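A short write-up of the structure that comes next.
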Amino acid sequence: MAIFLLLLLLLVSAVSGDEDAYIGVNIGTDLSDMPTPTEVVALLKAQRIRHVRLYDADQAMLLALAKTGIQVTVSVPNDQLLGIGQSNATAANWVARNIVAHVPATNITAIAVGSEVLTALPNAAPILVSALKFIDSALVASNLDDQIKVSTPHSSSIILDSFPPSQAFFNRSWDPVMVPLLKFLQSTGSYLMLNVYPYYDYMQSNGKIPLDYALFRPLPPNKEAVDANTLLHYTNVFDAVVDAAYFAMSYLNFTNIPIVVTESGWPSKGDSSEPDAIVDNANTYNSNLIKHVLNNTGTPKHPGIAVSTYIYELYNEDLRPGSDSEKNWGLFDANGIPVYTLHLTGADTVFANDTTNKTFCIAKRGADPKMLQAALDWACGPGKVDCSPLLMGHPCYEPNNVASHSTYAFNAYYQRMAKSPGTCDFKGVATITTSDPSHGSCIFPGSSRKNGTLINGTSLAPSSNDTSSARPPQSYGTGSFTTSVMIGVLLTGAVFL
């Protein structure tokens, strides 16, 4: 059974809005080499992640989380929803087996009933609220309802006309479900769970949404989106979607239900139709999201009220079906090595792999192999880079392709020149990244890796599937190379529990 652990590094915890927020991440299990529950928990501890969400109620994972103090949200999978929604006894048995048997040793604080049911499993929509009520009744019977809240995650696509946010409303066809659902959340002191993906909003906007607006990058005042009805200014997609949900609830006369963002993130790799699914954008989005949350910024409609957020996701899932981006939402690979290094200055209690001011020079994705080879020759010749690690039998020979070898040489030159302006361009085929390109035993200059262990960063070497082999750096071209620097901006997102 898939565990689908969703990590919540909640950046705001509190229904009142007075407490600090937390940030979280999702953990899927569609990996060819899935870490054991013990290994997952070890990574959570090492990264100081104090809130997690499971996509099910995996017994081994719940046992591994016992006595850690980590706050856990467990889930009723969609394939169990019909049975629970049609039978109070089935719901009571589920709670007894998956909740009562594990508390208080495992600190379970919430139950997510189903996932995006209205859009992914609409035939189960009529029994969704019954399922929540049956689960909650079982918690009441066990005197756990104050400790454990019950809700259900929704896709943000159930919100129509989401901009301007003040005009947003839920798809009216779902009113027979949403109205009793919101009444239940209000009466039990729970929260609306919402999945927010600015990446998809950006991709589907046909160029109407600027990339910087999706990534939390600073915008000049004249570029901010303004809600003409409220005159509220929006500087990012995330806040606009969350406020759209607040306004949609108020349209139905519910004004005091907080929101928890149960999924949000950005893919670090995509196929040819997804040019903005790259490491630097993923790093920028998630770093900015975390900062946005940790700062307790709130949204324009509810400033200062944090929105707790689960980052999607902890691990890259190489077995996940679909496009390349579907497999590359993770912060870590299966070995617990970061895909990129988050920049979280002042947030060292959140991620242990946080570093600041670490930059590397790498070959641009899709760069012309002939131009890469010429730049490689120059770096290893007139550029006076020690390219001996690229020779056959040496640590950085593999992957034996021009992109990988160029990345090593470009970065060696860039570090040797003290990262001076103009030293990472190589006639337009190089760019700056905040992610450590070291891989295996190949340690790049400027890396924090030691003895084959990655301390801060990740492996970004071009794949061994790259078929353009690099020539040994023996003949060197000449030329002058100037730099255009591309550095990801970092901010943070918020969570509301």
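Things to note:
- Only one of SER406, SER438, SER420 that is free of Cβ contacts under 8 Å to residues at least 12 places away in the same chain and hydroxyl-bearing (Ser, Thr, Tyr): SER420
- So SER273, is it modelled with pLDDT of 90 or more and in a loop (DSSP other than H, G, I, E, B): yes
- Whichever residue in the stretch 432-445 is at pLDDT 85 or above and in contact with a strand residue (DSSP E or B) (Cβ under 7 Å, 6 or more places away or on another chain) and, among such residues, is farthest from TYR413 (Cα to Cα): PRO437
- Members of the stretch 320-367 found to be at pLDDT below 75, out of contact with any Lys or Arg (no Cβ under 8 Å at 6 or more places or on another chain) and open to solvent by 60 Å² or more (accessible area, probe 1.4 Å), listed by number: ASN335, THR345, GLY346, ASP348, THR356, ASN357
- Among the residues making up the stretch 141-153, those that are of a type outside the set (Gly, Ala, Ser) and within 13 Å of SER190 (Cβ to Cβ) are ASP145, ASP146, GLN147, ILE148, LYS149, VAL150, THR152, PRO153.
- Flag for ASP212 being closer than 21 Å to ALA306 by Cα, more than 15 Å from the chain's Cα centre (by Cα) and in a helix (DSSP H, G or I): no
- Total residues in the stretch 111-167, condition surrounded by fewer than 22 Cβ atoms within 10 Å (Cβ to Cβ), modelled with pLDDT of 95 or more and at positive phi: 2
- Of residues in the stretch 241-258 being part of a helix (DSSP H, G or I) and open to solvent by 10 Å² or more (accessible area, probe 1.4 Å), the one nearest to MET203 (Cα to Cα): VAL241
- Those residues of the stretch 58-85 which are in a loop (DSSP other than H, G, I, E, B), under 16 Å from SER115 (Cβ atoms) and either charged (D, E, K, R) or free of Cβ contacts under 8 Å to residues at least 24 places away in the same chain (or both), in sequence order: ASP58
- Among the residues making up the stretch 278-303, those that are outside any helix (DSSP H, G or I) and either farther than 23 Å from ASP333 by Cβ or at pLDDT 95 or above (or both) are ASN295, ASN296, THR297, GLY298, THR299, PRO300, LYS301, HIS302, PRO303.
- Considering (1) in a loop (DSSP other than H, G, I, E, B); (2) farther than 18 Å from TYR310 by Cβ; (3) at pLDDT below 95, the lone condition that ALA105 does not fulfil carries the number (3).
- Where PRO220 falls short, out of the listed (1) open to solvent by 40 Å² or more (accessible area, probe 1.4 Å); (2) at pLDDT 95 or above: (2)
- Search result, residues across the stretch 304-313 that are touching a Phe, Trp or Tyr at 6+ places or on another chain (Cβ under 6 Å) and within 17 Å of PHE332 (Cα to Cα): TYR312, GLU313
- Options ASN229, ASN195, ASN171; residue that is under 19 Å from ILE257 (Cβ atoms) and open to solvent by 30 Å² or more (accessible area, probe 1.4 Å): ASN171
- The stretch 259-272 - residue that is of a type outside the set (Ser, Thr, Tyr) and open to solvent by 10 Å² or more (accessible area, probe 1.4 Å) and, of those, nearest to VAL72 (Cα to Cα): GLU263
- Looking across ALA409, ALA461, one residue alone is among the hydrophobic types (A, V, I, L, M, F, W, C), closer than 20 Å to ALA367 by Cα, buried (at least 18 other Cβ atoms within 10 Å of the Cβ) and at pLDDT below 55. It is ALA461.
- In the stretch 301-318, the residues that are open to solvent by 20 Å² or more (accessible area, probe 1.4 Å) and under 23 Å from ALA112 (Cβ atoms): HIS302, ILE305, ASN316
- All of (1) more than 30 Å from TYR315 (Cα to Cα); (2) touching a residue at least 12 places away in the same chain (Cβ under 8 Å) hold for ASP239 with one exception: (1).
- Pairing each residue of the stretch 277-295 that is open to solvent by less than 10 Å² (accessible area, probe 1.4 Å) with any residue that is of a type in the set (D, E, K, R), provided the two are 6+ apart or on different chains, yields C-beta distances under 9 Å for ALA277/LYS269; ALA277/ASP271; ALA277/ASP324; ALA282/LYS269; THR284/ARG217; ASN288/ARG217.
- Hits in the stretch 235-254 - residues which are among the aliphatic types (A, V, I, L, M), touching a Pro at 6+ places or on another chain (Cβ under 7 Å) and closer than 13 Å to LEU160 by Cα: ALA240, ALA244
The values are calculated or read from the model by the stated rules, or taken from the named source; none is laboratory data. All values derive from a computational prediction rather than experimental measurement. No Cβ is skipped: glycine too gets one built from the backbone with ideal geometry, and neighbour counts run over all protein chains shown. Please note that ligands, DNA and RNA were not included when accessible areas were found on the heavy atoms of the full protein model with its side chains. Shrake-Rupley method; radii C 1.70, N 1.55, O 1.52, S 1.80 Å.
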